[in-house]
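In what follows, a single structure is set out as structure tokens and then discussed.
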Amino acid sequence: MTQKINTPAFILEEKILRHDIDHVRHIADQASCQLLYSPKACSLLPVLDILSDTVDGFGCSSLYDAY
């Protein structure tokens with residue numbers, strides 16, 4: 001299947017992403033702190049949509065990061 005994907009490409013496994021963010025959410029809850037995500041790390045809309053249900057907000061260091 002991966003032979004049919006044009007490169008370069010980002011391939012993300014949604015199941016793993018959800019598992020990882022749930023794990024980090026649990027740690028943040030145990031520490032009684034807010035969980036923020038920086039879109040600079042990965043600003044792909046599908047990723048941000050998944051994370052928006054779990055994180056408390058998004059942290060941007062500048063106006064350009066918010067775009």
- From the residues in the stretch 10-26 that are of a type in the set (Lys, Arg) and touching a residue at least 12 places away in the same chain (Cβ under 8 Å), which one is surrounded by the most Cβ atoms within 10 Å (Cβ to Cβ)? ARG25
- Task: Enumerate the pairs (first residue in the stretch 27-51 and over 17 Å from SER62 (Cβ atoms); second residue anywhere and among the small types (Gly, Ala, Ser) and at pLDDT 95 or above) with beta-carbon separation below 8 Å, excluding pairs fewer than 6 apart on the same chain, so at least 6 apart or on different chains.
- Result: GLN34/ALA28; LEU35/ALA28
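The values are calculated or read from the model by the stated rules, or taken from the named source; none is laboratory data. Just so we're clear, the structure is a prediction, and the values are computed from it rather than from any experiment. Don't worry about glycine lacking a Cβ; one is built from the backbone with ideal geometry, like all the others, and counts go over all protein chains shown.
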